[in-house]
Structures are given as C-alpha cells and as structure tokens.
Amino acid sequence: MEVAAFHALVCGWSAAGLATFIVLWFVPAPYGRHSRPGWGPTLDARLGWMLMELPAVAVVAAFFFTSGRRTEPAALVFFVMWEIHYVQRTFVFPSLLAPGSTPMPALIASLAVVFNLVNGCLQGGWLYRVCPAYPAGWLRDPRFLAGAALFFAGMAVNWHSDAVLRKLRRPGESGYRLPQGGLFRWVFCPNYVGEMVEWTGWAIATWSLAGASFALWTAANLIPRAVWHHRWRSQVRSGGRSVPGGPRA
C-alpha cells in the first residue's frame with residue numbers, strides 16, 4: 001500500500017475515534033462499575049480481558065515476524081515496546097483481577113477485538129510494511145528518546161495505579177471503595193492518564209500518523225470514561241453508595 005493511501009485510511013479510522021468520543025460522552029461503556037442489564041450475554045471479566053487484548057499481541061507479532069525488518073534495531077525496539085504493554089494487558093492484568101469482578105458483556109469484548117485487530121494492523125502495517133525503514137540512528141533521535149521516556153513513564157503510572165486499585169477490596173468484599181494515596185491524591189483516574197501518556201509517547205517515538213491515531217483513540221475512550229467515573233464517585237461520596245463489581249473498569 002502506498003503511504004498516501006495508508007494515511008487516508010488512518011484519517012478515516014481517526015474520524016471513527018472522534019465519533020466514538022461523542023457517543024461515550026453521553027453513554028458510558030457498560031462494563032466494570034458501569035455495567036447494567038440489557039447488553040446481552042456476559043463473559044467472565046478475566047476471560048473477556050484476555051480475549052479482547054490477544055489480537056493486539058498476535059497481529060503486530062505477525063507483521064514483525066513476517067517482515068524483512070526483524071534484525072533492524074529500531075523495528076525490534078518498537079516491537080518489544082508494543083509487546084511489553086500488550087503481553088501484560090493480555091495475560092498478567094486479567095490474572096490479577098479478583099474472581100468476583102463484574103462480568104463483561106460479550107458485545108464489549110467483541111468490539112474491543114475489532115478495535116485491536118484494526119489498530120494492530122495499522123501499527124504493524126506502518127512499522128513493518130508501509131513506512132521507509134527507520135534507520136538505526138533513529139534510536140538516538142530526540143523524538144524517539146522523548147517518546148520512549150513518555151511511553152515507559154506512562155506505563156509505570158498505569159501499572160502502579162492499577163495495583164493501588166486492586167488493593168482496595170479486602171478478601172470477600174464485593175463493593176467498591178474509593179482509592180486513596182499514590183497518584184490518586186493529585187490526579188483523577190491516574191491509570192487512564194498513564195495510558196494516555198503512554199500512547200502519546202508511542203506516537204512521538206514512532207513519529208507516525210498511525211501512532212497519533214492510536215493516541216487519539218485512547219483519549220477518545222478514556223476521557224469520557226474518566227468523566228463518568230467522576231460522576232459515579234461523586235454519588236458514592238454524597239450517598240454512601242457501594243456498588244458490586246471489580247475495582248477497575
């Protein structure tokens with residue numbers, strides 16, 4: 001595929017991300033603490049997370065291992081960065097969820113599978129098929145260094161915040177407790193902030209429209225969800241409400 005055609009495809013995908021932002025601003029995605037009846041059959045939360053994130057691991061790996069760029073330093077570093085995030089998200093994160101976590105609608109998992117298939121094809125396609133090969137010197141370029149620093153800083157914030165949330169519930173508890181300490185003292189939903197910083201770093205490190213599109217999609221999903229979380233927590237503080245379900249959504 002030519003670069004111009006690829007970029008046109010990415011722009012169309014980005015427009016879909018903006019439309020998703022508008023929808024999610026008014027209708028919270030029905031999983032985690034915002035689960036509600038009427039969205040069809042559900043999956044165990046751990047199974048749902050694993051199934052919906054697995055395509056991201058597999059698709060980019062397929063592009064990488066079938067490309068002629070496996071020995072190029074920049075191509076290899078980008079692959080490792082991507083897989084560190086998605087292997088953790090696919091296999092480690094679900095295994096740490098509480099057994100009683102709120103089931104996930106199969107529809108939500110299916111939509112996430114579609115997203116990860118398309119996004120994986122765009123990221124892997126750009127890095128290992130469409131773009132001119134990144135030179136080895138790219139790893140010393142200020143854009144890569146700044147982007148990689150943001151990527152790993154955002155990842156660290158995301159992982160740490162997830163750990164704080166997992167510790168909220170004591171054994172046998174099924175309600176939700178408001179997070180305290182850590183970055184939650186200064187930032188609302190730091191787990192989401194960390195993920196947005198992470199993929200902004202990816203966009204800068206790859207210096208690509210595909211990477212920027214992923215950063216846009218991340219914000220389009222997480223900013224509305226953070227707003228809904230804020231509304232939910234305000235209700236908890238004002239009414240002492242406790243809602244069954246997992247500590248992270």
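Side notes on the structure shown:
- Extension gain, residue 1 back to residue 163 (0.36 nm per residue minus Cα-Cα distance, nm): 54.1 nm
- With contacts taken as Cα pairs under 8 Å and at least 6 residues apart, the stretch 3-239 reaches a relative contact order of 27 percent.
- Rounded to 0.05, the FRET efficiency of the residue 26 and residue 83 pair, given R0 = 30 Å and the Cβ-Cβ distance, is 0.30.
- Note on residue 65 and residue 129: the model spin-label points, each 7 Å out from Cα along the C-beta direction, lie 1.7 nm apart.
- Exposure rule at most 14 other beta-carbon atoms within 10 Å, DSSP loop trypsin sites (Lys or Arg not before Pro): the chain longest free segment: 71-166
- Full-extension gain in nm, residue 117 to residue 18, via 0.36 nm per residue minus C-alpha separation: 33.8 nm
- Between the labelled values [x] 48; [y] 41; [z] 52, the entry that holds percent of Cα pairs over 24 Å apart as derived from this structure is [x].
- In plain terms, the residue of 95, 110 with the fewest other Cβ atoms within 10 Å comes first and the most crowded comes last, giving 95, 110.
- On the beta carbon distance between residue 11 and residue 185, with R0 = 45 Å, the FRET formula returns roughly 0.70.
- Based on DSSP H segments of at least four residues, each scored -39500 (n - 2.57), the chain has a per-residue ellipticity at 222 nm of -21500 deg cm²/dmol.
- Label-reachable residues, the stretch 96-133, where backbone N falls under 11 Å from a point 7 Å from residue 58's Cα toward its Cβ: 117
- Residue order for 66, 90, fewest other beta carbons within 10 angstrom first, comes to 66, 90.
- Stretch in the chain that is longest and holds no GluC sites (Glu not before Pro) that DSSP places in a loop and that have at most 15 other beta carbons within 10 Å: 3-172
- Linear extension gain, residue 95 paired with residue 47, 0.36 nm per residue minus alpha-carbon span: 16.4 nm
Values quoted throughout were computed directly from the atomic coordinates according to the rules given, and no laboratory measurement underlies them. Just so we're clear, the structure is a prediction, and the values are computed from it rather than from any experiment. No Cβ is skipped: glycine too gets one built from the backbone with ideal geometry, and neighbour counts run over all protein chains shown.
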